[in-house]
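J.: This structure is in structure tokens; I'll ask about it shortly.
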């Protein structure tokens with residue numbers, strides 16, 4: 001399917017209709033440039049995040065695709081224009097809002113020594129935390145991995161549902177797949193304002209996470225160069 005540079009698609013795996021309705025309200029209030037159209041693709045009943053995102057990707061010919069959690073609220077009204085400006089650099093494959101410069105040997109991005117980006121976290125009622133890491137010195141910082149709450153792409157790469165059959169490490173995997181093809185993954189400068197509010201429930205790390213962490217390291221471990 002030929003990519004349509006005048007379209008942007010928002011793809012979300014959905015299992016909570018109330019949250020998705022709220023996220024959709026924010027998306028439909030974004031300022032879409034006059035020469036662009038937006039489409040909204042919910043994927044229900046997905047077997048995994050990778051499977052869901054692959055399904056959503058196949059449904060759209062949009063060049064620009066934004067994969068976001070159902071509890072991510074996009075507050076940057078000029079998102080489409082900002083993404084198009086970043087993606088004018090054809091070496092940039094993906095844009096996230098928070099991530100790490102270099103993955104540590106664990107493969108877990110938040111264990112990295114240098115984190116960049118910003119997200120407003122609203123995990124509990126009346127409890128809002130501005131998770132503000134280092135800011136890029138320019139328009140963006142190239143990173144090795146970003147968090148899956150929000151990932152925008154301008155190239156369609158298969159999400160590795162052959163390895164990541166659940167809900168973890170799919171995001172870091174996509175970043176490594178981009179880099180295998182020579183594309184950069186970046187985090188934009190958000191010093192003036194944050195792009196997203198994330199509203200996850202606080203919960204312990206799922207027991208399945210460690211299994212996918214091992215799978216990630218088997219596939220990509222030799223490509224990591226941790227900072228010390």
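The values are calculated or read from the model by the stated rules, or taken from the named source; none is laboratory data. Note that the structure is predicted; figures quoted are calculated from it, not measured. A quick note on method: Cβ atoms are made from the backbone with ideal geometry, for glycine too, and the neighbour counts reach across all protein chains shown.
J.: Which count do you get for residues in segment 188-228 that are free of Cβ contacts under 8 Å to residues at least 60 places away in the same chain, under 15 Å from residue 100 (Cβ atoms) and in a helix (DSSP H, G or I)?
T.: Number of matching residues: 1.
J.: Please go through segment 1-21 and pick out each residue that is assigned to a strand (DSSP E or B), touching a helix residue (DSSP H, G or I) at 6+ places or on another chain (Cβ under 9 Å) and surrounded by fewer than 17 Cβ atoms within 10 Å (Cβ to Cβ).
T.: Step one: filter segment 1-21 for residues assigned to a strand (DSSP E or B), giving 4-14.
Within this subset, residues satisfying the condition of being touching a helix residue (DSSP H, G or I) at 6+ places or on another chain (Cβ under 9 Å) are 5, 8-14.
Across segment 1-21, the qualifying residue is only 5.
J.: Moving on. Determine which single condition residue 85 fails, assuming it passes every other condition in (1) crowded, with 18+ Cβ neighbours inside 10 Å; (2) over 16 Å from the mean Cα position of the chain (by Cα); (3) modelled with pLDDT of 95 or more; (4) within 20 Å of residue 184 (Cα to Cα).
T.: In the conditions (1) crowded, with 18+ Cβ neighbours inside 10 Å; (2) over 16 Å from the mean Cα position of the chain (by Cα); (3) modelled with pLDDT of 95 or more; (4) within 20 Å of residue 184 (Cα to Cα), residue 85 misses (1) alone.
J.: Is it true that residue 65 is in a loop (DSSP other than H, G, I, E, B) and either touching a residue at least 12 places away in the same chain (Cβ under 8 Å) or within 15 Å of the chain's Cα centre (by Cα) (or both)?
T.: Answer is no for this residue.
J.: When you check residue 116 against the structure, is it under 18 Å from residue 67 (Cα atoms) and under 16 Å from the mean Cα position of the chain (by Cα), yes or no? Quick ask: steps written out before the conclusion?
T.: Values: under 18 Å from residue 67 (Cα atoms): no; under 16 Å from the mean Cα position of the chain (by Cα): yes.
No, not satisfied.
J.: Is it fair to say residue 33 is over 23 Å from residue 191 (Cα atoms) and in contact with a strand residue (DSSP E or B) (Cβ under 8 Å, 6 or more places away or on another chain)?
T.: Working: over 23 Å from residue 191 (Cα atoms): yes; in contact with a strand residue (DSSP E or B) (Cβ under 8 Å, 6 or more places away or on another chain): no.
Answer is no for this residue.
J.: Within segment 174-187, is even one residue closer than 19 Å to residue 109 by Cα, more than 14 Å from the chain's Cα centre (by Cα) and assigned to a loop (DSSP other than H, G, I, E, B)?
T.: Going through segment 174-187, the residues closer than 19 Å to residue 109 by Cα turn out to be 174-180, 183-187.
From what is left, the residues that are more than 14 Å from the chain's Cα centre (by Cα) are 179-180, 183.
Retained after the next criterion (residues that are assigned to a loop (DSSP other than H, G, I, E, B)): 183.
Looking for residues that are closer than 19 Å to residue 109 by Cα, more than 14 Å from the chain's Cα centre (by Cα) and assigned to a loop (DSSP other than H, G, I, E, B), one finds at least one in segment 174-187, hence yes.
J.: For segment 92-125, which residues satisfy the criterion of being without any contact (Cβ under 8 Å) to a residue 60 or more places away in the chain and closer than 19 Å to residue 23 by Cα? Step through it out loud before you land on a result.
T.: So in segment 92-125, the residues without any contact (Cβ under 8 Å) to a residue 60 or more places away in the chain come out as 100, 110-111, 115, 125.
Matches in segment 92-125: 125 only.
J.: Go through 38, 31, 47 for me and flag whichever is farther than 24 Å from residue 123 by Cα, in a strand (DSSP E or B) and at pLDDT 95 or above. First the steps, then the outcome.
T.: On the way: 31 fails: in a strand (DSSP E or B); 47 fails: in a strand (DSSP E or B).
It is 38.
J.: While we're looking at this one, here's another question. Please tell me if residue 177 is buried (at least 16 other Cβ atoms within 10 Å of the Cβ), free of Cβ contacts under 8 Å to residues at least 60 places away in the same chain and more than 18 Å from residue 65 (Cα to Cα). Working first, answer last.
T.: Details: buried (at least 16 other Cβ atoms within 10 Å of the Cβ): yes; free of Cβ contacts under 8 Å to residues at least 60 places away in the same chain: yes; more than 18 Å from residue 65 (Cα to Cα): no.
Answer is no for this residue.
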